[in-house]
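Structure record follows, encoded as structure tokens.
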Amino acid sequence: MDHFAKPDDELAVAQREGKLYRNFQGYSTHAECDLIAMGITAIGKVGNTFSQNVKTLEQYYEIIDAGQLPIYRGLLLSDDDLLRQKVISELICHFDLSIPRIEDAYGIVFADYFSTELKELQAMQDDALLEISADRIMVRPIGRLLIRNICMVFDKYLRQQTRQAYSKVI
């Protein structure tokens with residue numbers, strides 16, 4: 001976890017028990033639950049979809065009063081999105097990724113599917129931030145401080161951006 005928590009905090013306990021989850025809102029002890037968006041610009045997640053509500057209060061009430069959902073835009077996650085979400089989640093929550101489990105669950109050959117990412121991770125392995133083997137990617141204690149940088153390697157949407165649209169990690 002890239003946050004500090006006391007050993008008895010529910011998030012720290014969930015991490016030790018392998019039950020920690022991270023979604024777009026942050027860390028949680030409740031994995032894979034639907035989130036209903038309420039209010040302007042609120043983001044919801046139902047199943048494999050995300051939606052964002054309209055941006056102004058006037059629009060929001062106008063649409064609600066018309067008996068409709070105030071959704072401004074939405075996204076249906078692709079199989080690739082779900083795979084990458086799982087890889088990132090395992091790394092950021094548990095600092096350990098079982099490659100055979102991912103291959104079995106998603107029907108891929110990890111080294112082929114993520115060949116570009118594995119090449120990029122090599123520099124981080126050279127810096128002793130993580131260890132990569134045929135079976136796993138394990139983040140070392142020093143690498144935990146840079147876990148977001150490690151996970152960003154698997155984010156295909158960051159590769160597609162031409163300008164920085166997120167806060168800097170360091």
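Only the coordinates and a few stated rules stand behind these numbers; no lab work does. None of these values were measured; they are calculated from a predicted model. Cβ coordinates were reconstructed from backbone atoms using ideal geometry, including for glycine residues, and neighbour counts include every protein chain displayed.
The table below lists the values:
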| quantity | calculated |
| --- | --- |
| Contour excess over end-to-end distance, with Cα ends at residue 41 and residue 78 and 0.36 nm allotted per residue | 11.0 nm |
| Contact order relative to length of region 79-160, as percent, for alpha carbon pairs under 8 angstrom and 6 or more apart | 34 percent |
| Sorted by Cβ neighbour density within 10 Å, fewest at the top, the residues 99, 71, 137 | 71, 99, 137 |
| Relative compactness, region 74-170, computed as alpha-carbon Rg over 2.2 N^0.38 Å | 1.06 |
| Gain in span if fully extended, residue 64 to residue 152, counting 0.36 nm per residue against the direct Cα distance | 28.0 nm |
| All aspartates and glutamates inside 20 Å of residue 45 as judged from Cα atoms, apart from same-chain residues fewer than 8 positions distant | 32, 34, 79, 80, 81, 90, 155 |
| Theoretical gain in end-to-end length, residue 131 to residue 33 [0.36 nm per residue, Cα-Cα removed] | 32.1 nm |
